[in-house]
Amino acid sequence: MTRKPVIEVRRSKRRRRTVSAYRDGERVVVLIPAQFSRAEEREWVDRMLERLAAREQRARRTDTELTARAHRLAARYLPDHPAASRPTSVRWVQNQNGRWGSCTPADGTIRISHRVQEMPDWVIDYVLLHELSHLVIPSHSSAFWALVARYPKSERARGYLEGVSAAAGLGITE
Ligand SMILES: [Zn+2]
């Protein structure tokens with residue numbers, strides 16, 4: 001969750017129809033044409049805040065961010081398996097339709113389906129921790145699920161993924 005930003009609206013006589021927005025520290029500056037009405041101003045500020053949030057979310061969800069996230073999760077939930085749970089690469093992939101994520105314990109690589117990319121952060125964390133745990137224990141044994149259960153939202157995330165899979169008729173399982 002992000003805090004509601006402080007918004008500064010700047011009216012410009014040089015602008016005719018173009019609106020832009022950018023983040024400046026804690027503030028978001030929205031530039032609008034000087035002749036906009038109050039109603040247009042409100043409408044455009046809302047729209048630009050949504051666009052800015054979407055842009056920032058896309059930027060956050062790169063392979064680099066995903067890898068950093070995986071390393072943070074491994075350090076937090078699997079500190080007693082430091083060697084096994086540190087992946088060599090973590091990537092978003094488009095070609096994985098039957099699974100949310102997969103890993104190759106032999107080379108320490110993890111791939112996460114692009115379908116997970118738009119899901120909430122806590123679900124992404126579960127999918128990552130599931131694959132990180134497979135680097136330690138490849139099978140779905142009880143020891144494996146005990147590692148996964150260290151993440152407090154595991155059960156909730158599994159329910160979320162089952163719901164998405166069922167609703168979309170994807171037939172995706174773990
Ligand atoms: Zn699995």
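Structural remarks
- Size descriptors for segment 75-154: radius of gyration and Dmax over Cα atoms are 11.9, 33 Å.
- Of all accessible heavy-atom area on the chain, the percent that carbon and sulfur account for (1.4 Å): 52 percent
- Accessible surface of E26 - all protein chains present, 1.4 Å probe, nearest 10 Å²: 120 Å²
- In summary, the convex hull built on the alpha carbon positions of the chain has an orientation-averaged projected area of 12.9 nm².
- Extension reserve of the R17-E43 stretch, reckoned as 0.36 nm per residue once the Cα distance is removed: 8.0 nm
- I7 accessible area, 1.4 Å probe, all protein chains in place, Å² to nearest 10: 60 Å²
- Between A34 and S142, the distance separating the two model label sites (each 7 Å from Cα on the Cα→Cβ line) works out to 7.6 nm.
- Extension gain, V164 back to H71 (0.36 nm per residue minus Cα-Cα distance, nm): 30.8 nm
- Ranking by accessible area, most exposed first, for K13, K153 with a 1.4 Å probe: K13, K153
- Surface calculation, 1.4 Å probe, protein heavy atoms: D107 sits at approximately 80 Å² accessible.
- Each other residue within a Cβ distance under 12 Å of L78 adds +1 if Lys or Arg and -1 if Asp or Glu, for a net charge of +2.
- Just checking the listed ones, Q35, Q96, Q117: in the Gaussian network model of the chain with Cα springs under 10 Å, the one fluctuating most is Q35.
- Adding -39500 (n - 2.57) for every DSSP H run of four residues or longer, then dividing by how many residues the chain holds, sets the calculated 222 nm ellipticity at -14500 deg cm²/dmol.
The values are calculated or read from the model by the stated rules, or taken from the named source; none is laboratory data. Values in this document were obtained by computation on a predicted structure and should not be read as measured data. When we count neighbours, we look across all protein chains shown, and the Cβ atoms used for this are built from the backbone with ideal geometry, even at glycine. Each accessible area value is taken on the protein alone, full model and side chains, heavy atoms only, with ligands, DNA and RNA left out. Shrake-Rupley method; radii C 1.70, N 1.55, O 1.52, S 1.80 Å.
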